[in-house]
Structure formats: structure tokens, C-alpha cells
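Below you'll find the structure, written out as C-alpha cells, and then a few comments.
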Amino acid sequence: MAWRGYSVLLRLTVEDALRSSVRGGRWPLTFQQRRGFKKAAKKPEPKNVVEDPGPSRTSEPHWDPQLHGPQRALSRLIRPFVFTVGFTGCSFASAAIWQYESLKSRVQSYFDEIRADWLDKLRPQKRGDVRKEINQWWNSLSEGQRTVTGIIAANAVVFCCWRIPSLQRHMIRYFTSNPASKTLCSPMLLSTFSHFSFFHMAANMYVLWSFSSSAVSMLGREQFMAVYLSAGVVSTFFSYLCKTLSGRLGPSLGASGAIMAVLAAVCTKMPEAKLAIIFLPMFTFTASNALKAIVAMDTAGLVLGWKFFDHAAHLGGAMFGIWYILFGHELIWKNRDPFVKLWHDLRTRGGPGGGIQV
């Protein structure tokens, strides 16, 4: 369902049509020679001496694990691990503050509507107004669909940025996750919103849209966003780890890891729910069986080294979703009260009358 694989042709240079096959959100290491990234001329220097590319060479440095060794390779994952833990904590802390502020805003809006001029409510709206049509469409969506609309819009914007040749250098550096890259932390989040293939993006966003109503009704929009963003970073770190240990290095991109966490959370919470494949609606199966099949397929792909999908990211997202429903909700979300109380005290300190206690 939430797959990271695709096959596209990417224009890498301005003068030449150098193309690279993109499979499973993973590109071969030779992909680092891209637009304007030409090899430096070889100089008669001693062997095993790496030439400094200089400021004019803009390609990502070629990180060879054979030169660095296993310990050096794993040591590069310390910063991504710290970033994963810190970002996850900040995501849930921000979600708790967001929920507090939303509750306070809803209460304030209720009293504002009571004091509003009743004539404004009787004033007729113009027919055919674009804003009216947009409001009607927006109100027809479920809370989950409204929540993921922003995520889909962000993915669409990043997809359009891939079409701009002058931005591709930055897109490759910051919007693809690669343990061999010099930039390790920010791509762990940004690559979750990055798709080069339209079919890849459409498939991922369709799955996210399909499960959004169930996930948001189960978790709430604030908690859902914390889980989604955290799962994107956690799945990328798991991909980093598996690539480093196996030596199968290469870039990845796509929202599949985060979407797998949403899918796994819904299937774990509602194991008897009936699911079907869009192209085969006559065949239905339970959510628990679907989750088992997906995990088994990704496990086999990871062990056998299949390259069409980033199976490590899929498994990392699925395991995070399962863990959160079974344990994480109790450990993290239900223990947010002390933090919310601290925020409430800071928010209302010095203000008249206290505030709303959540």
C-alpha cells in the first residue's frame, strides 16, 4: 500500500541527457555525478590520497565505507540518533501545546460568537462566490481529511520543486536521505515530503487520504501529526542503520515510512476492519492480515536485498506505529499533563484571571 518504489528518468546535466534509474526511492551511488557535478581531473598523486574537490565541485562527497570502516560508519549515526530522539520529543510536546491552544481558542470562539452581531449571520452571501464554494468543499471533508490536506499540499509543492533544474542540487542534498551524505539530519524529515515520480506521490497520498479519517478519529489531529512526523524521522533512521550495516548505500525519498506507521497504527487498533485493494474491490481481508502480509514482504525484501522499495524504512515506520498503539500512547501522550501544566503556568503567568486548565 504505502510503497516507496518507483522508476523514473531524471535529467542530470544541462548539456547531456545523462539518465539514472530511480528504484524504490533509492538511487545508485553514481547518481552523485549529477547536474554540474563533473569529475575532477585526475592528477599524478600517490595512491589512496583523496583529492579535495575544491569549492567549485558541488557534488556530495563520495563516502566509501571500506575506507572508513564499520566503527566509523556507525559513529556517523550518532547525530541522526540524537536528532531522532529530540525531534520525536519536540513533536509530541508541540502537539500537546497545540491541543491546549486549540481548546482555549474554541472556548474563546464560542463566547465571541455569542457576542457577535446577529445581523451578520442574517446577511445573505453572494451566489457563485469562489470562497463560498471552497468553504462548502472544506466543510464536507472529515476532520482527518482536513488534517492531511496540508501534508498533501506540502508534498505537491516539493514535487514541483523537483521540476526546477536550478533547485535539483539542493533537492538532492536536503530532500533525499542517504547515510553516505554529508547532510544527515535535516533530510530525515524533509525526505518524508519528497517525491520525484508523480505516480509515487499519488499512490502514497491516496493511502494517506484513505486512512486519515480512521487515524485522526482514533488519535486526534494533534496526536496524529506528532505520530506522522515522528514516524517519518524514525523510519529514516532505521533505513540509515540497515543501509550502513549491510553496506547497501544509496539515497531514498518518499512518505512511505510515515504512512506505514499510520497504516500499522490503524490495523493494530482495529484488527478486524475490512480492507480491499483499489483495483480488486471484490477481495476483502482483515486489517491484521494485511499488516502481517506487508511486514512479511518488507522483511523478506530487507533480508534478500530487494532494491525496488526502501524496505527498511517501511519496517521502521510499521514497527513505530505498532509500538505506539501498544505502548507509546500510554508512555508519551497520557503522561503529557505535567508538561501541559507547565505550559499553562507559563502562558497565564502575569495574566488576569488564570486561564483554561487542560
Fill in the blank from the handout: Between the modelled labels at Cys160 and Asp337 (7 Å from Cα along Cα→Cβ) the distance in nm is 4.6 nm
Fill in the blank from the handout: Placing each pseudo-label 7 Å from Cα in the direction of the beta carbon, Ala276 and Phe81 end up separated by a distance in nanometres of 4.7 nm
Practice task
Given the peptides 308-317, 132-141, arrange them by the average over their residues of other C-beta atoms within 10 Å, most packed first.
Solution key: 308-317, 132-141
Fill in the blank from the handout: To the nearest 0.05, the calculated FRET efficiency linking Asp345 and Arg106 through their beta-carbon distance, R0 being 30 Å, is 0.90
Fill in the blank from the handout: The ³J(HN,Hα) series, computed from each phi in the range 201-214 with the Karplus coefficients 6.51, -1.76 and 1.60 at θ = phi - 60°, rounded to the nearest Hz and given as x for glycine or proline, is 5, 4, 5, 5, 5, 5, 5, 4, 4, 5, 9, 5, 4, 5
Fill in the blank from the handout: Applied in sequence order to the range 251-267, the curve 6.51 cos²θ - 1.76 cosθ + 1.60 (Karplus, θ = phi - 60°) yields integer Hz couplings, x standing for Gly and Pro, of x, 9, 7, x, 8, 4, x, 5, 5, 4, 5, 5, 4, 5, 5, 5, 5
Handout entry: Hz values of 3J(HN,Hα) by residue in the range 129-137 - Karplus curve (6.51, -1.76, 1.60), Gly and Pro given as x
Key = 5, 5, 4, 5, 5, 5, 5, 5, 5
Problem - Theoretical gain in end-to-end length, Phe308 to Lys182 [0.36 nm per residue, Cα-Cα removed] - result: 42.9 nm
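A short reminder: the numbers here are calculations on the coordinates, not readings from a lab. Everything numeric here is computed off the predicted structure, so don't read it as measured data. Don't worry about glycine lacking a Cβ; one is built from the backbone with ideal geometry, like all the others, and counts go over all protein chains shown.
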